[in-house]
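The next block holds one structure in the form of structure tokens; read it before the comments.
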Amino acid sequence: MLDVTIRQASSADAEAIAELIASIESDALVSEISTDERRRRFSRYLADGVNVAFVAEHGGRLVGELTLALGDPVPTRIGFSVHPRFRRNGVARQLLEHAIAWADERDVHKLTAEVMTHNTAALALLQDEGFVTEGYLVNQFRRKAGGASDAILLARTVAS
């Protein structure tokens with residue numbers, strides 16, 4: 001397992017988070033917005049408290065991020081990404097465990113994730129951490145290149 005430091009992100013991290021997500025293969029991205037638009041959204045949503053994000057750093061470099069789109073009374077949506085060169089080293093697991101603990105401490109009633117069907121690593125990780133399949137979402141993510149990707153809806157009820 002890669003030794004990482006996890007901390008809560010601020011709007012000052014928006015640029016690094018947007019660059020991290022830009023490093024991910026386009027077929028694995030949920031959203032195909034520009035890096036500049038992603039940076040603006042992260043900055044605004046974090047500053048306004050609409051989202052909470054955690055970053056994983058290794059050797060002074062941001063190698064992973066996890067964002068909670070806070071919902072109240074609706075479930076809180078979760079999304080995460082790890083730089084391609086740091087995958088399969090436990091970064092996502094550490095971020096997810098940190099986020100689950102954060103949610104447990106705040107009595108968030110439910111976390112959900114929409115994962116593209118071909119992302120078997122994310123699906124397995126979420127299931128390992130207590131998420132269960134709640135549905136299959138047809139054409140959930142429209143692609144700029146045409147067509148759409150299906151997704152699996154997973155959820156975890158947070159312990160009170």
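The values are calculated or read from the model by the stated rules, or taken from the named source; none is laboratory data. These figures come from a predicted structure and were not determined experimentally. Neighbour counts run over all protein chains shown; Cβ positions are idealised from the backbone, glycine included.
The table that follows gives values for the structure above.
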read-out: Residue count for segment 136-160, restricted to those that are over 14 Å from ILE78 (Cβ atoms) and touching an Asp or Glu at 6+ places or on another chain (Cβ under 9 Å); value: 13
read-out: From the options GLU105, GLU65, GLU134, residue that is touching a helix residue (DSSP H, G or I) at 6+ places or on another chain (Cβ under 7 Å) and of a type in the set (D, E, K, R); value: GLU65
read-out: Qualifying residue in segment 47-57 (condition: closer than 20 Å to GLY130 by Cα, in a strand (DSSP E or B) and touching a helix residue (DSSP H, G or I) at 6+ places or on another chain (Cβ under 6 Å)); value: yes
read-out: Complete set of residues in segment 106-160 that are among the aliphatic types (A, V, I, L, M) and either touching a His at 6+ places or on another chain (Cβ under 8 Å) or more than 28 Å from ASN89 (Cβ to Cβ) (or both); value: LEU137, VAL138, ALA145, ALA148, VAL158
read-out: Given (1) assigned to a strand (DSSP E or B); (2) surrounded by 14 or more Cβ atoms within 10 Å (Cβ to Cβ), index of the condition ARG7 fails; value: (2)
read-out: Members of segment 121-160 that are at pLDDT below 95, loosely packed, with under 12 Cβ neighbours inside 10 Å and of a type in the set (Ser, Thr, Tyr); value: SER160
read-out: Odd one out for GLY90, checked against (1) at pLDDT 95 or above; (2) surrounded by 13 or more Cβ atoms within 10 Å (Cβ to Cβ); (3) on the phi < 0 side of the Ramachandran plot; value: (3)
read-out: Leading residue by the ranking (modelled with the highest pLDDT) among those in segment 1-41 that are within 20 Å of THR120 (Cα to Cα) and among the small types (Gly, Ala, Ser); value: SER23
read-out: Segment 14-23, residues that are closer than 13 Å to VAL63 by Cβ and assigned to a helix (DSSP H, G or I); value: ALA16, ILE17, GLU19, LEU20, ILE21
